[in-house]
Amino acid sequence: MSRTAPRPYLVTKNDEGIFQITVRTTRFNSQGFPLVTAQTLEQGFPSSARAKAYLRTEYRAEPTEIATK
């Protein structure tokens, strides 16, 4: 198990070609390992660029905080 926390925002493409955003919240246990809770937003986006722009405006996300898959 890794002790590094994942990036807080994940942009993925589903089977229909719609991009979804997953917001991950990380906290650490007493041994220093990350405990991650993930929540996928219901809103879909036609492109990865639009999803990232939404994260930058609504969540004030920095480009280094956004992961893509």
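Descriptive notes on the structure:
- Exactly one residue out of Arg56, Arg27 is basic (Lys, Arg), without any contact (Cβ under 8 Å) to a residue 12 or more places away in the chain and touching a Leu at 6+ places or on another chain (Cβ under 7 Å), and it is Arg27.
- Meets criteria (touching a residue at least 12 places away in the same chain (Cβ under 8 Å) and within 9 Å of the chain's Cα centre (by Cα)) for Ile66: yes
- Residues that are out of contact with any Asp or Glu (no Cβ under 8 Å at 6 or more places or on another chain), surrounded by 14 or more Cβ atoms within 10 Å (Cβ to Cβ) and at pLDDT 95 or above number at least 3 in the following strands (runs of 3 or more DSSP E) confined to the chain: 9-13, 19-28, 34-45.
The values are calculated or read from the model by the stated rules, or taken from the named source; none is laboratory data. Predicted, not measured: the structure shown is a model, and the values here were computed from it. As a convention, Cβ positions derive from the backbone with ideal geometry for all residues, glycine included, and neighbour counts pool all protein chains shown.
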